[in-house]
Amino acid sequence: MRETRDSGKPNLQISVNNLCLDMLGSRVLDQIDLTIDQPGVTMILGPNGAGKSLLLKCIHGLLSPTQGSIGFNGLNGNPKQAMVFQKPVLLRRSVMDNMRFADQDRQTQSELEQALDSVQLLEKREHPATQLSGGEQQRLALARALLTKPDLLLLDEPTASLDPASVLIIEKLIQQATRQHIKSIFISHDIGQARRLSADVIFLNRGLVIEYSDAAPFFFAPHSNEAKAFLSGEIVL
Amino acid sequence: MLTEAFSEAFRLILSADADLFEILWLSVQVSLTALLVSIVLGLPIGTTLAIANFPGKNVCITVINSLMGMPPVVVGLLVYLALSRSGPFGVFGLLYTPSAMVIAQVLLITPIIAALTCQVMDDLHKEYRDLFFSLSIPLNKAVAAYLWDARYSLITAVLAGFGRAISEVGAVMIVGGNIDHLTRVMTTAIALETSRGELSVALGLGIVLLALALSVNGLVTTVRSRARYYGCA
């Protein structure tokens, strides 16, 4: 089992064993076998409809696989998970009340304000959360997820359609989370972002894992034709 | 003649006519009591139908939705049969009392509150379900969040129920009997006074009833605009 250099804390290991998922009579994830034990950000890449979000939901427990299993090792008990959805789900109340709702450790007001400050939303703490811009909503969703102090953070295209400033804030927060030994699994269509953030990459197509490797070899010398085509900007069907 | 009736109606209202205010007070008492009971019954029923999974759930939702359109006279008849001397609850002697009117109104408006609550909660549950799972929110906290975040829509549902109760005539006429100083409410009094040709009293009551209905609608509009501000509409 790999260990992080500075903490000596064992890495979270996620084992996906022969996972299959059927929906509406068709197989959407097919015999996925993975052992994710790299610290930092695992990036899931692939064209639309590849099954990226479904795999993430299976790992999180939102979907039950038709076959196979998912196991977590390296921690005492199951890891504490948090997920940030592509379309942020915010409670119909103020920004601060959204934070308070997720806060199960009863953190102090100043800690909550600090968390909001980290996503540059402190000044909007009393605003209705649903009235924020798309980028602000996603930043709030991420701050709220991090407030739960997860061991595993699952991010389903959190920066899709966001302005560059919001993307930068979110990427910084994820890098900061990595430094705090939070394991992240991230779905993105932005190859530049994947290069910036990822420690390892899972490339999916049509419900199958085409490649799983460390980030550097994947980006510089992908094995599969699909991954080569995807990285060169060709349309992968 | 109409002008005379209107001026007499306003005179009755402005002079705080005792009979008129007795009728008004009983109407409000009966409808508010029925509303409170319906809230206690309708909110949990609607919430359960929205967020719980059980066999026959869709049948229950269809039944509740159908009961929303139940004709008041049919409800009145059923309550009459249940409360009459030979009926199953005849021993309680409730027929032709305000309690019987409350029971009839509860049966009328509980399905409205339950069905509207179910619709509101179902939408919210679909939106929040994954988030609550992700944040490991316990059921009691989730239900509290649903109720709080849907509060404006639920207030609208409750006001819709009150509007239905206060303006209903068929059921309360059958089970209350429109007895003077005992079970006479605004709607039954309006029907009686109109049939007697006492248009001024009927108009006076009608104006108060209309004012109540307008107030309820004004409240609904205010609640909706507040809800829009918080993204709850």
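The values are calculated or read from the model by the stated rules, or taken from the named source; none is laboratory data. These figures come from a predicted structure and were not determined experimentally. Cβ: placed from backbone, ideal geometry, glycine included. Neighbour counts: every protein chain shown. Calculation scope for accessible area: heavy atoms of the full protein, side chains included, ligands and nucleic acids excluded. Shrake-Rupley method; radii C 1.70, N 1.55, O 1.52, S 1.80 Å.
Structural remarks
- Whole-Hz Karplus values for segment B:195-209 come out as 5, 7, x, 8, 5, 5, 5, 4, 5, x, 5, x, 5, 5, 5 Hz, taken residue by residue from phi with 6.51 cos²θ - 1.76 cosθ + 1.60 and θ = phi - 60°; glycine and proline positions read x.
- Within segment A:64-100: backbone nitrogen closer than 11 Å to the A:S15 label point (7 Å, Cα to C-beta): A:69-74
- Threshold 30 Å², segment B:144-189 residues less accessible with all protein chains present than alone (1.4 Å probe): B:D149
- Exceeding the 31 Å Cα-Cα cut-off - candidates A:K80/A:K228; A:K124/A:K149; A:K149/A:K228: A:K80/A:K228; A:K149/A:K228
- Protection proxy ranking of A:63-69, A:118-124, by the mean of other Cβ atoms within 10 Å over each peptide's residues and highest first, is A:118-124, A:63-69.
- With 10 Å bins from 0: P(r) over segment B:122-233, alpha-carbon pairs, percent: 13, 29, 22, 17, 13, 5, 1
- Label-to-label distance, nm, for residues given as B:E4 and A:S224 (7 Å Cα→Cβ offset): 9.3
- Rounded to the nearest 10 degrees, the inclination of helix B:98-134 to the longest alpha-carbon principal axis of chain B is 20 degrees.
- Separation of alpha-carbon centers, segment A:9-53 and segment B:119-141, rounded to whole Å: 25
- With contributions of -39500 (n - 2.57) from each DSSP H run of at least four residues, the per-residue ellipticity at 222 nm computed over chain B stands at -26500 deg cm²/dmol.
- Total charge dipole magnitude, the protein assembly as shown, about the Cα centre, Cβ charges on Lys, Arg, Asp, Glu only, Debye to nearest 20: 480
- Rounded, prolate or oblate (a/c below 1.5 giving rounded, otherwise prolate when a/b exceeds b/c) for segment A:159-205 by Cα gyration tensor: oblate
- Binned Cα-Cα distance frequencies in segment A:51-102 - 5 Å width, integer %: 4, 14, 20, 19, 16, 14, 9, 3, 0
- With q set to 0.20, 0.28 Å⁻¹, the log10 of I(q)/I(0) for segment A:116-166, from the Debye formula over equal scatterers at the Cα positions, is -0.72, -1.21.
- Calculated P(r) of the protein assembly as shown - Cα pairs past 40 Å, %: 42
- Helix A:164-179 vs. chain A, principal-axis angle (Cα, 0 to 90°, nearest 10): 80
- Based on every Cα atom in segment A:83-141, Rg and the maximum pairwise Cα distance Dmax equal 10.5, 29 Å.
- Accessible surface area normalised per residue over segment B:2-229 is 49 Å², counting heavy atoms of protein chains with a 1.4 Å rolling probe.
- MRE, 222 nm, helices only [DSSP H, n ≥ 4, -39500 (n - 2.57), over chain A, to nearest 500]: -9500 deg cm²/dmol
- At the listed q of 0.13, 0.16 Å⁻¹, the Debye profile of chain A, built from one uniform point per Cα, gives log10 I(q)/I(0) equal to -0.80, -1.18.
- Sorting B:C60, A:C20 by accessible area puts them as B:C60, A:C20; the probe is 1.4 Å, largest comes first, and only protein heavy atoms count.
- With N as its number of residues, segment A:3-108 has a Cα radius of gyration that, divided by 2.2 N^0.38 Å, comes to 1.29.
- For segment A:78-237, the per residue solvent-accessible surface stands at 45 Å², with DNA, RNA and ligands left out and a 1.4 Å probe.
- Look at where the Cα atoms of segment A:101-168 and of segment B:73-89 average out, and the two centres are 58 Å apart.
- Counted over the protein assembly as shown, the DSSP beta bridges are approximately 55% antiparallel.
- Counting all C-alpha pairs of chain B, share separated by more than 24 Å (%): 53
- Karplus-derived HN-Hα couplings along segment A:17-26 (A = 6.51, B = -1.76, C = 1.60, θ = phi - 60°), whole Hz, x at Gly and Pro: 10, 6, 7, 10, 9, 9, 9, 6, x, 10
- Working from label points 7 Å from Cα in the Cα-to-Cβ sense, the B:N217 to A:H127 distance is 3.6 nm.
- Here segment B:2-229 has 69 percent of its accessible surface on carbon and sulfur atoms, given a 1.4 Å probe and all protein chains in place.
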